[in-house]
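Just below is one structure, and these are the notes that go with it.
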Amino acid sequence: MSRRDRTVSRSTRHHTRPPHGQGLGARSVITEALDGVGARPGRLVVTVLGTVTGIAALVLTIGLGQTAGGQLASHFDAISSTHAEATAAVAAGADGAEHPTAEIPRDALARLDGLAGVEAAAVLGEVDIGTDPITAVPIHDPSMPETLAPPVVAAEGDLLGAVSGRLARGRFFDAGHSARGDRVAVLGRDAAASLGVGDVASRPSIFLGGHAYAVIGILDAVDIQPNLLGSVIVPLAAARRDYPGATAARVELKIAVGSASVVAHQVPIALAPNSPDDFDVAAPAEPTQFEGAVRSDIDLVFVAIGIITLLAGGLGIASVTMLGVSQRRGEIGLRRALGATRGQIAAQFVLESVVVGLLGGVIGAALGVFVVVTISLVQGWTPVLDLGMTLGGAAAGGVVGLLAGGYPAIRAALIEPVEALRAASG
Amino acid sequence: MSAAVAELRHVVREFGGATTVRALAGVDLALAPGDFCAIVGASGAGKSTLLNVMGLLDRLTAGEYFVDGVATSGLNDRQRSAVRGSTIGFVFQSFHLLATRSVLDNVLMAFTYGGVPRSERRPRAVEALDRVGLGARLAFSPATLSGGERQRVAIARAVCAGPRLLLADEPTGNLDRSNSESVMELFAELNADGLTIAIITHDDEVAGRAHRRLQLRDGTLHSSAAEAAAPAFQPSSARGPAPSDGTHASLADVNQVTGIRGGTRR
């Protein structure tokens with residue numbers, strides 16, 4: 001500040017101002033901005049709408065995602081509290097790939113029998129049948145189109161109980177089939193459809209590498225291990241006879257509620273008393289990964305809609321503020337005459353659009369929360385809402401207003417006072 | 001005699017473009033405290049430009065303008081705004097009241113950018129409105145007021161922050177005869193209280209209420225003979241640039257209403 005500047009401020013203060021109160025008038029500018037926003041209620045409603053819609057869409061999408069995720073988790077909790085899966089621990093082998101460090105012992109089921117908390121147990125493993133076809137007819141017809149064979153799963157024990165499965169038709173194989181090594185099979189719902197097997201009353205056969213397996217049941221649904229629905233399930237003993245490499249890879253357990261920690265502790269000891277660390281017991285893999293993937297795509301669409309609407313809302317604020325700047329040239333000129341600096345004019349318009357944006361954000365976030373709660377109520381869900389996300393939505397409206405108001409505010413500040421006053425009086 | 005409230009020295013204001021227009025071509029003018037000066041002239045003579053320069057709303061091309069003895073050409077936007085807010089009051093032909101706010105709020109706007117403490121603002125605004133005779137209309141909307149009343153609100157807004165200089169640009173331009181007279185009466189009263197006033201008008205009767213009367217023609221100021229008889233604040237150079245025009249000076253002489261001057265001058 002030069003000497004001359006000081007002289008001016010001293011002389012003006014001397015004549016017209018009390019010794020204190022030389023502030024920038026920030027509070028006054030805020031008051032002016034609020035008054036400016038409230039001056040045109042009709043226009044305010046239209047301006048706010050875009051932001052309201054955008055923020056509401058975003059909060060709704062994220063809130064519904066969280067709520068649905070919450071339901072999924074509680075559903076999954078119910079399954080994981082009653083099911084467990086024991087697998088051999090894996091370690092990196094010489095070839096760099098991971099290999100199991102132990103095999104499921106052949107008498108695994110006998111070892112697990114009577115263990116506290118275990119209600120049903122079954123060992124199972126995928127059978128590598130190489131290029132063998134699986135057909136419902138014995139003749140190999142070269143003119144038939146090659147179809148992908150369904151996977152073959154070898155199992156022993158109470159698999160139906162262990163995966164909480166339900167049969168559409170027939171029955172499941174039991175300990176007798178296993179002991180005798182009978183060639184019987186239970187088809188998953190989807191595998192039965194692809195093989196053309198509809199009924200089991202006539203004991204249809206499927207041919208697995210030239211061996212006839214009698215289909216005795218069709219699996220309709222499972223709580224866990226949904227890939228069983230697309231598989232051909234055969235007794236482990238029969239599979240070992242036809243495919244010597246067939247082996248059990250894991251143990252599926254149905255457990256009593258509340259016994260998970262006991263089971264997780266005892267099962268590895270029962271399977272391998274000398275080296276219990278060779279086995280891991282964990283909750284089964286989440287059964288709804290596929291659905292989750294679909295839902296996240298839908299989420300993405302909603303988020304995109306929300307962002308686009310928000311952009312439109314921001315453009316709306318920008319254009320209405322721009323309109324306001326040109327309509328209020330006289331007011332701008334007057335304020336400059338009353339002593340407003342360019343910065344104070346810019347601050348007023350920016351604040352006005354921030355207030356409009358914030359208003360839209362708050363209303364939009366409230367609307368989004370309301371819709372999430374309503375949907376949850378109708379669906380019987382527990383609404384799950386992140387407070388930070390909701391407040392963030394409201395704040396995002398303010399940011400939109402800030403960005404949208406910037407350019408018009410600069411334009412307003414750059415108007416020469418003479419021009420502004422002339423335009424308004426002419 | 002104290003220093004001039006506002007003083008222009010050889011002020012030139014040109015507007016650029018394809019051809020440069022010289023709105024002010026070397027104006028010299030000094031307003032002493034308590035001066036009441038009318039500036040008349042044809043449309044396009046540069047009256048508004050002169051007032052804008054005096055109000056620090058416009059910048060000079062050449063010359064210097066002093067407010068309270070301080071040169072203003074080196075001030076930045078913030079400093080010029082501060083001088084406007086604290087020292088100069090404006091009254092416009094079109095009033096410039098905000099239709100969405102009450103009479104009182106319009107007057108309170110004068111304090112928005114100044115340093116007047118919050119507690120003093122309302123009493124001072126009410127006092128100013130009382131003074132212009134609108135103390136009973138504080139909550140009214142400007143839209144419900146007559147033109148004369150609106151201009152009185154604008155005058156209250158212009159004076160409530162205690163300016164040293166009041167600039168009025170055709171303040172009666174939108175008013176009928178009786179409203180004009182009451183507004184001019186108000187100006188005379190304010191001047192009688194010591195406020196320095198410069199007023200632009202094309203109305204001879206309005207100009208007649210002022211103590212001094214200056215004619216702006218082709219960007220230069222010409223004073224009347226009566227003006228020359230009271231030379232205290234009129235730099236001699238103001239008459240220099242256009243010596244040929246004696247006709248107008250004598251016309252201005254005739255129009256000068258000396259009685260009012262004698263009655264209100266302190």
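The values are calculated or read from the model by the stated rules, or taken from the named source; none is laboratory data. What you see is a predicted model, and the numbers here were worked out from it, not measured in a lab. Please note: Cβ atoms are built from the backbone with ideal geometry, for glycine as well, and neighbour counts cover all protein chains shown. Just the protein is used for accessible areas: all its heavy atoms, side chains included, with ligands, DNA and RNA removed. Shrake-Rupley method; radii C 1.70, N 1.55, O 1.52, S 1.80 Å.
Nearest 5 is fine: what % of DSSP beta bridges in the stretch A:103-271 come out antiparallel, could you say? Kindly include the intermediate steps, with their values, before the conclusion.
Details: 24 of 33 bridges.
Of the beta bridges lying entirely in the stretch A:103-271, close to 75 percent run antiparallel.
With an 8 Å Cα cut-off and a minimum separation of 6 or more residues, compute the relative contact order for chain A in percent.
Numbers: 749 pairs, mean separation 113.1, N = 426.
Contact order relative to length: 27 percent.
Normalised by the residues of the stretch A:309-413, what does the relative contact order come to in percent, with Cα pairs under 8 Å and at least six apart? Intermediate values should be presented prior to the final figure.
Details: 115 pairs, mean separation 49.8, N = 105.
The value is 47 percent.
Could you tell me the center-to-center distance, by alpha carbons, between the stretch B:188-209 and the stretch A:327-356 in angstrom?
Between the Cα centres of the stretch B:188-209 and the stretch A:327-356 lies a distance of 31 Å.
Bins of 10 Å, beginning at zero and ending with the bin holding the largest distance: percent of Cα pairs per bin for the stretch A:103-271, please.
The percentages, shortest bin first, are 10, 39, 33, 13, 3, 0.
Hey, if we sort B:R152, B:R213, A:R40 by accessible area with the 1.4 Å probe, largest down, what's the order? All intermediate terms of the calculation are to be shown ahead of the outcome.
Values: B:R152 50, B:R213 10, A:R40 75 Å².
Largest accessible area first, the residues go A:R40, B:R152, B:R213.
Take the alpha-carbon centre of the stretch A:176-250, take the same for the stretch A:41-111, and report the distance between them in whole Å.
31 Å
In whole Å, what is the distance between the alpha-carbon centres of the stretch A:394-423 and the stretch A:149-171?
With the stretch A:394-423 and the stretch A:149-171 each reduced to a Cα centre, they are spaced 70 Å.
Across peptide A:342-352, how many C-beta atoms of other chains are within 10 Å of each residue C-beta, on average? Provide the component values of the computation, followed by the final result.
Working: counts 3, 3, 4, 2, 0, 0, 1, 0, 0, 0, 0.
For peptide A:342-352, the averaged partner shielding equals 1.
Per-residue mean of other chain beta-carbon atoms within 10 angstrom of the beta-carbon, peptide B:210-218?
Details: counts 0, 0, 0, 0, 0, 0, 0, 0, 0.
Average per residue, whole number: 0.
If packing is taken as the mean number of other Cβ atoms within 10 Å per residue, what is the order of B:21-27, A:26-32, highest first? The partial results should precede the final answer.
Details: B:21-27: 21.1, A:26-32: 16.6.
With the highest mean Cβ count within 10 Å placed first, the list reads B:21-27, A:26-32.
Using only alpha carbon pairs under 8 Å that are at least six residues apart, calculate the relative contact order of the stretch A:103-271 and give it in whole percent.
Numbers: 353 pairs, mean separation 62.8, N = 169.
So the answer I get is 37 percent.
Can you tell me the dipole magnitude for the stretch A:103-271 around its Cα centre, using point charges on the Cβ only (Lys, Arg +1; Asp, Glu -1), in Debye to the nearest 20? Could the numbers behind the result be given before it?
Details: 13 positive and 19 negative charges, 63 e Å.
Once rounded to the nearest 20, the dipole reads 300 debye.
Summarise the partner chain shielding of A:32-39 as one whole number: the mean count of Cβ atoms from other chains within 10 Å of each residue's Cβ. Don't skip to the answer; put the middle values down first.
Working: counts 3, 0, 0, 5, 2, 0, 1, 4.
That average works out to 2.
In degrees between 0 and 90, to the nearest 10, how far off the longest principal axis of chain A does helix A:342-379 point, with axes built from Cα atoms?
The helix A:342-379 is inclined about 30 degrees to chain A.
Taking a probe of 1.4 Å and counting only protein heavy atoms, give the total accessible area buried between chains A and B in Å², rounded to the nearest 100. It would help to have the intermediate numbers written out before the result.
Values: alone 22560 and 11860 Å², together 30840 Å².
Interface area, both chains combined: 3600 Å², rounded to the nearest 100.
Could you state the accessible area per residue of the stretch A:142-261 in Å², with a 1.4 Å probe and every protein chain left in place? Write out the running numbers ahead of the final one.
On the way: 5110 Å² over 120 residues.
With the other protein chains kept in place, the stretch A:142-261 gives 43 Å² per residue.
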